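Peer 1: Please see the structure below; I have some questions.
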Amino acid sequence: MMTVRFISERRRKSRHTVAFELLLGGVLLLWAPLSWAESPPEPAAAGATTESACSKIWLGREAEFEEMVRTAKIKKLEDLPVGVLESQCAYVEEGLPFSKMCWKTIKRRKKAGFWEDYKAEIAAYELDKFLGLGMVPPTVERSIRGTRGSAMLWLENVEGWDMQSPARGPDTRAWAREMVREKMFDRLIGNIDRNQGNLLYDHDWCLLLIDHSRAFVDVTDPRQFQEFKFVDLPLWAKMKTLDLETLKPVLGEWVSTGMMRAMLQRRDQMADQIDEMAKTRGPNIWLR
């Protein structure tokens, strides 16, 4: 239950901050495919420039941020406004480049038809890092007040996705690449729960992905995932190299071998789909 004081504090926060807290709390909106957000890329308008406002403050400093998230002293924990995945906001000590973390303690269980596990949050970040995506915020396992769970860097200066007026950004080619990479990543990790409540973007039009406690399942039916019409060539080149030997050092602590085998099966299905796309549409499918 939120206290009156917490409610009043939230009313003083910015619209964006409150929206983000709702998103991180796991507000589950009806899932809908995001294929409408992907369109044939076009060159950026001549002279179009935007002031950099990227929220990915951890890029190039991953190990440093992981250590800070893992060891930061916690001042207080607060239940998020609507908590469906056992999520809390952990406020950290002053002097760090961030003030909050998202804290999840949910252990592997099946609820409402979904398998959920805080370890999947860590696995998503580790795989994101291995593939060089930079879309999932640093997430580590740690103990808070005697309980183990996942701690994720709290994102600042972000917008929540709006299905009614989906964002595109001034550079349509760059935005198309962001959407394609998100869809390819979700297909690989078996994330069947991507929705507008866990899809964010910052003021530099960088896509950010949160809430992966329902990923890394054994679902392999392509119809359960978002359709992608283009292929990010550098990302696909990395995905093609994956096998159990390369995945176990990255994910072995967080997901089972069976889950990794399901990942590789989904990757092979993607390969068949991409081969067919290349045959029918030629080089136009590639985003380089």
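Coordinate-derived values only; no laboratory data. Bear in mind that the values here come from a model prediction, so they are computed numbers and not experimental data. Cβ sites come from the backbone with ideal geometry, for glycine too, and all protein chains shown count toward neighbours.
Peer 1: If I take the Cα coordinates of region 191-288 and project them onto the principal axes, what are the three extents in Å, biggest first?
Peer 2: The principal-axis extents, from largest down, are 39, 35, 25 Å.
Peer 1: Further, regarding this structure: Specify which residue in the list Y118, S99, L155 is farthest towards the positive end of the charge dipole of region 61-287, using unit charges on the beta carbon of Lys, Arg (+1) and Asp, Glu (-1), about the Cα centre.
Peer 2: It is Y118, whose Cα lies furthest towards the positive end.
Peer 1: Something else: Rounded, prolate or oblate, given the Cα gyration tensor of region 93-168, with a/c below 1.5 counting as rounded?
Peer 2: oblate
Peer 1: Right, something else. Would you kindly work out the equivalent ellipsoid of region 61-287 from its C-alpha gyration tensor and give its semi-axes, the square roots of five times the eigenvalues, largest first in whole Å?
Peer 2: Here the semi-axes work out to 30, 21, 16 Å.
Peer 1: Rank N191, T246, V180 by how far each Cα sits towards the positive end of the charge dipole of region 180-258 (+1 on Lys, Arg Cβ; -1 on Asp, Glu Cβ) and give me just the farthest.
Peer 2: V180
Peer 1: Okay, moving on. I'd like to compare 256-267, 239-250: which one has the highest average count of other Cβ atoms within 10 Å, and what's the full order after that?
Peer 2: For the peptides 256-267, 239-250, the packing ranking is 256-267, 239-250.
Peer 1: In what sequence, highest mean first, do 117-123, 58-64, 150-156 appear when ranked by Cβ atoms within 10 angstrom? Walk me through the numbers on the way to the answer.
Peer 2: Values: 117-123: 26.0, 58-64: 12.4, 150-156: 23.4.
The most tightly packed comes first, giving 117-123, 150-156, 58-64.
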